[in-house]
């Protein structure tokens, strides 16, 4: 996601959502899909070639959560905090990639991801 390209970021979020549904984390997957949908605000609409994957992932979420809970989880993803939303707008003056230490700390890095 370091590219800052709204399409690439959304595609990554959708891929993560697919993986989350396969692990049974449907609410988290729906949050990610909602976040990916924010790409449209950055002018990067969902290409028809990728829409099938998104529909499939959404259907798995809806089947597991029910319509109301799925809709609520998608809406939560669409209402990301400003810090996360900036990932979809790399031209923003305070994009996280310009100051990663502001958003990443040793406290929130999983132990598995640490390099000895």
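Quick note: the coordinates plus some simple rules give every number you see, no bench work behind them. Small disclaimer: the values here were computed from a predicted structure and weren't measured. Reconstructed Cβ throughout: ideal geometry from the backbone, glycine too, with neighbour counts over all protein chains shown.
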Using 0.36 nm per residue, how much length does the chain from residue 50 to residue 68 gain when fully extended, once their Cα-Cα distance is taken away? 4.0 nm
How do 6-19, 60-73 rank on mean C-beta neighbours within 10 Å, highest first? 6-19, 60-73
Give me the one-decimal nm value for the distance between modelled label points at residue 75 and residue 5, 7 Å along each residue's Cα-to-Cβ direction. 3.4 nm
